[in-house]
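Any read-out appearing in this document is the output of simple, stated calculations on the displayed coordinates, not a laboratory observation. A quick note: this is a predicted structure, and the numbers were derived from the prediction, not measured. Here the Cβ positions follow ideal geometry from the backbone for every residue, glycine too, while neighbour counts run over all protein chains shown.
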Amino acid sequence: MIRKRLFSRNSGKMQQFIKNGILFIKKNPSILYSLVLIVLLPAALFFNTFRTIQSFQTAIDLNLQTQAITINNVLGPMIARDFSGSGNLNQEMVQRTIDLLVGNAVIEGDAVAGNNLNIENIRVIVKEGLDFKVVAAEDHTNVGKTLNTDPEFNGETMVAIAWGSSTDIMGWVEQDGDRYWRIIKVFTDSQSGNIYGLLVADIPTRELDAMTASTVVQAAIILVISIFLALALIFQHTRLFAFVSRTSDLEAQCKVKDQFIRMAGHELQSPVTNMRWVLEALQEEVAANGTDIQKQYIERITSSVNGLGKLVTDILEVSHLEQGKMDFDPQKILPADIISQIVNNVKLKVEGKGLKISYQANDFHYFINANQARFTQIVTNLVENAIKYTPAGEIKISITAETGRRRCIITVQDTGFGISAEGQKKMFEQFYRVKTAANAGIPGTGLGLWMAREMARKMNGDIMLESIERMGSRFFVYFPLCDK
């Protein structure tokens, strides 16, 4: 019963695993490409390696057969000189020929170097009754021995087959763990046609077998590595699908967030506008009959409401900018005239703070391709920031043309608080504001500079900053000039 329960439980887990796998593939059908790849890649490598080894082995066999024929045609006549027929064996001369052949020497009159013939285990064999006897051999200890030609005895059966068939034969034999290509040449009497002796020689294939084994091992290693790479690929593919799923979830969450921000922003605009109307009415009434404390309260409330209104406006603009709903249609505009108008619009605010403002157009007469509303918004933001963060001194605005690089440079310079090196690194991040004792009471959302640079970049421009603490800041706005 316990075994049945365990089997049933494991079977249920396996079924659930298979179901989850099928559902995952249905949701992500492109993962089938990875599954196919993990099968096809190793299979292709296996069959390619198998065919390569087969071709390699075929080439080896052909080479061995060619070499065997050459050895047979060279070695046979050399032995036949001293073993021309039955009873005509000059055993001493045959043995001497074999010894010279396997040594590093040249046999006179034949010009055959022994080290050029890759042969081993050379033997001359005759038949005495039913036995096969070695009469000359490379290994002298084999001379006089009788061969065991039983079928199960490795290789020597070929001797009996060759004697019985009366034809030269070749074939593979294995001895002491090595393979050899065995050549057996049959000596027959020219008159009677009877066999009177055999010449046996082996061509070793150690190097070829080692090369083949090395090729097989390398192929196996490559195959295993390929399988692991394919597994890594499918694992990475699976993780990628998880990232895609998370990205889709994040996109959905971002859409919900943007919808909420847009809805909340629009909903907040109405009460903020209503509060401004009420404050204006209160200001008129307090101005006539209110006390100084009441007037201070009204000013504080008005400042807070204006800050709230600015925050709502900035958040809505950020939402529009990130969603690509902000208008950036380019127009051919003369930036010098627009900047001049911006300077005129802020003069009252500048004078109210006791500051000076100057503008140098330097006879600038070039046009740029930019959306006029966005361009005005960018420059206005920089000029108003300069006014806001400059307690005393002056603000200088200029525009110049770099004709060589086909761009204009708008400079907004102040003598305000300045920004530290650390602050400059984060100055264009969302919601970032430099916090010091000097600017603690100045309202702001930390979105203006980020929006200004993003808008400039969407119009092929950019904004750069130079600043020194307690000495002021200088912003550079770049836009490409129109082609003539």
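So the values come out like this:
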| quantity | calculated |
| --- | --- |
| Unsatisfied cross-links (Cα-Cα over 19 Å) in the set Lys310/Lys458; Lys349/Lys388; Lys353/Lys396 | Lys310/Lys458 |
| Cα-based shape type of segment 262-369, given that a ≥ b ≥ c are square roots of the gyration tensor eigenvalues and the cut on a/c is 1.5 | oblate |
| Peptide ranges 78-91, 372-385 listed from the most packed, as the mean C-beta count within 10 angstrom indicates | 372-385, 78-91 |
| Surface/4 estimate of mean projected area, convex hull on alpha-carbon atoms of segment 365-415, nm² | 4.1 |
| Pairwise FRET efficiency - Thr70 versus Thr215, Cβ, R0 = 25 Å, nearest 0.05 | 0.45 |
| Phe428-Ala281 pseudo-label distance in nm [points 7 Å out on the Cα-to-Cβ vector] | 4.6 |
| Kirkwood-based Rg to Rh ratio, segment 80-204, C-alpha trace | 0.95 |
| Using a Förster distance of 56 Å, the FRET efficiency for Asn460-Ala59 (Cβ separation, nearest 0.05) | 0.30 |
| Hits among aspartates and glutamates - C-alpha to C-alpha of Lys425 under 13 Å, sequence gap 8 or more where chains match | Glu466 |
| Estimated FRET transfer efficiency (Ser303, Thr400; beta-carbon r; R0 41 Å; 0.05) | 0.65 |
| Solution diffusion estimate, µm²/s, Stokes-Einstein, segment 320-362, Kirkwood Rh from C-alpha pairs, 25 °C, viscosity 0.890 mPa s | 188 |
| Neighbour net charge for Ile53 - beta-carbon separation under 14 angstrom, K R +1, D E -1 | -1 |
| Linear extension gain, Asn369 paired with Gln253, 0.36 nm per residue minus alpha-carbon span | 38.2 nm |
| Simple label model, 7 Å out from Cα along Cβ direction - Asn274 to Ser86, nm | 13.4 |
| Positive-end residue of Ile387, Gln372, Ala361, charge dipole of segment 327-480 with Cβ unit charges | Ile387 |
| Charge dipole magnitude, Cβ of K and R +1, D and E -1 - segment 327-480, Cα centre, debye nearest 20 | 160 |
| Surrounding net charge for Thr390, when Lys and Arg each add one and Asp and Glu each subtract one, Cβ distance under 15 Å | +3 |
| Computed log₁₀ I(q)/I(0) - Debye formula, equal Cα scatterers, no solvent, segment 327-480, q 0.10, 0.21 Å⁻¹ | -0.33, -1.46 |
| Counted charge near Thr146, where neighbours are those whose Cβ lies closer than 9 Å (Asp, Glu -1; Lys, Arg +1) | 0 |
